[in-house]
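What follows is a single structure, written as structure tokens, with notes after it.
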Amino acid sequence: MRVGFLGTGLMGSRMAHRLQLAGNGLTVWNRSSDKAEPLVAAGATLAASPREAVAGAEVVILSLLNGEVVDEVLFQSGAAGALDPDRLVIDTSTISPSSAREHARRLTEMGHAPLDAPVSGGTRGAESGTLTLMVGGEEEHFTRALPVLRALGEPTYVGNSGSGQVAKAANQLIVAVTIGAVAEALTLARQSGVDPGAVRSALLGGFADSRILREHGQRMLDRDFTPGGRVRGQLKDLGIIAELATQLDLELPLTACVTDLFRRLSIEHPDMDHSALLVELEDLNERSSSPATRAGE
């Protein structure tokens, strides 16, 4: 297929490359064109604007920062209006469900086939083509999109427009809270004088096992916070969860606690990997045990 790909950052560049490997023709656009250079070197065409990137495309895929940027790139730039009729528009960005529904409404009125398809699996999953894709929209559009989606990973149809973003919000809630739990568990082990690496190994395969414990737990042990998923991105997603919870009149106390930790971490380390929540936990305990803090008690 001829694919127009909008947004070639950490995730987008890797997903676009998977589409190249699957034999799709690729035209790419990114606000900073240098980020698209490896794709161009591998055979992609670089477009000067979103409109140019989608011209003649059978499928358009977006991987952008947030809902406001998606709106700007799709509608304000005129990209949606430059599409041929009845084109698949697949948004892999993580945005609010309400924004996804509004974008879908506008695209449907223009005669296109929108899907919200946020992803999970980080840069490793994007690079290896093993992402989890949570897809919302019309089921017939999902069926049409399967050849492209399967080049990226394992797609699951969740429901109507916006449902993919609800699933992604649930995913990010679990990720954030579990990162916090793993960071606390390893800190507890270390402060008890027990090797946290040995504790992690002991937990693998038990009820506490998880991909977060395996991958992010190892990052914490190695203190390797090279970004796969950035702190600021996690905080943005937690904001989407808070917005959705407010709309539904829900109390999510665990999410609120971990959001506060990520917010404080983001002040100095917004571009670290989100597993760096360990750093904030360490700083928190150092502050709480400092002489100045004890003197103020």
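Please treat every number below as a calculation from the coordinates, not as lab data. Please read these numbers as outputs of a predicted model, since none were measured by experiment. Here the Cβ positions follow ideal geometry from the backbone for every residue, glycine too, while neighbour counts run over all protein chains shown.
So, in the range 251-281, of the ones that are within 22 Å of ASN66 (Cβ to Cβ) and part of a loop (DSSP other than H, G, I, E, B), which residue ends up farthest from the chain's Cα centre (by Cα)?
Residue satisfying both the conditions and the ranking: LEU252.
Which residues, taken from the range 199-223, are in contact with a helix residue (DSSP H, G or I) (Cβ under 8 Å, 6 or more places away or on another chain) and aliphatic (A, V, I, L, M)?
VAL199, LEU203, LEU204, ALA208, ILE212, LEU213, MET220, LEU221
Quick one: is GLY78 assigned to a loop (DSSP other than H, G, I, E, B) and not acidic (Asp, Glu)?
yes
Select from the range 192-226 the residues that are assigned to a loop (DSSP other than H, G, I, E, B), of a type in the set (Asp, Glu) and within 22 Å of GLY125 (Cβ to Cβ) and list them in ascending order.
The answer is ASP209, ASP224.
Any residue at all in the range 227-240 that's out of contact with any Leu (no Cβ under 7 Å at 6 or more places or on another chain), among the small types (Gly, Ala, Ser) and in a loop (DSSP other than H, G, I, E, B)?
Within the range 227-240, one or more residues are out of contact with any Leu (no Cβ under 7 Å at 6 or more places or on another chain), among the small types (Gly, Ala, Ser) and in a loop (DSSP other than H, G, I, E, B).
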